[in-house]
Amino acid sequence: MGKAGKVIRSRDFRWDGVPVREYKRDDALFTDVVRQVVLGGGAGEAALNFETRYFEVATGGYSTLEMHAHPHAVVVLRGQGTVQLGEDSLEIAPHDCVYVAPGAAHQFRADRGEVLGFLCVVDRVRDRPTPLGAKKTRAE
């Protein structure tokens, strides 16, 4: 990487040289979610105080209903779905921006018949999530 920065190429919502990982490694309350840490964890990126992550939720999948002490900035890139923000359930689609306030319960669901993909920007150093609710099945 040069001192001026770098470009990480993307094709079909996969970034070159960035591993696709499980959403979480524990037996959390989610299904069919993968992630890539696009910026903030790679070589030469130590000056970034944040991480830019791409999450992809397969059709019918959902992230954990959880809360944190840190905020999130989310930009939907592909598909349609629903975001749970506190007591509100809101439809989301490409180019929508979502602000998740500190301490707000939140969950992303690909419940509109297609894959939901979004960028999520968070502090590099942050608290761990507090899961809320019980594990769901795909039939629920």
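Values computed for the structure shown
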{"quantity": "Hull shadow area, averaged, the chain [alpha-carbon convex hull, nm²]", "calculated": "8.6"}
{"quantity": "Probe 1.4 Å, protein heavy atoms only - accessible area per residue of the chain in square angstrom", "calculated": "57"}
{"quantity": "Portion, in percent, of the accessible area of the chain that falls on carbon or sulfur, probe 1.4 Å", "calculated": "53"}
{"quantity": "Dipole of the chain, positive direction: furthest Cα of Pro129, Val20, Ala110, with charges on the beta-carbon", "calculated": "Val20"}
{"quantity": "Neighbourhood charge, 10 Å Cβ-Cβ cut-off, centred on Glu56 and excluding it, Lys, Arg +1 and Asp, Glu -1", "calculated": "+2"}
{"quantity": "Inter-label distance, nm, simple model (7 Å from Cα along the C-beta direction), Arg11/Arg78", "calculated": "1.4"}
{"quantity": "Cα centre as origin, Lys/Arg/Asp/Glu Cβ charges: the chain dipole, Debye", "calculated": "540"}
{"quantity": "Around Met67: net Lys/Arg minus Asp/Glu count, Cβ-Cβ under 12 Å", "calculated": "-1"}
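The values are calculated or read from the model by the stated rules, or taken from the named source; none is laboratory data. None of the values given here were measured: they were computed from a predicted structure. Cβ atoms come from the backbone with ideal geometry, glycine included; neighbour counts cover every protein chain shown. SASA here: full protein model, heavy atoms, side chains in, ligands and nucleic acids out. Shrake-Rupley method; radii C 1.70, N 1.55, O 1.52, S 1.80 Å.
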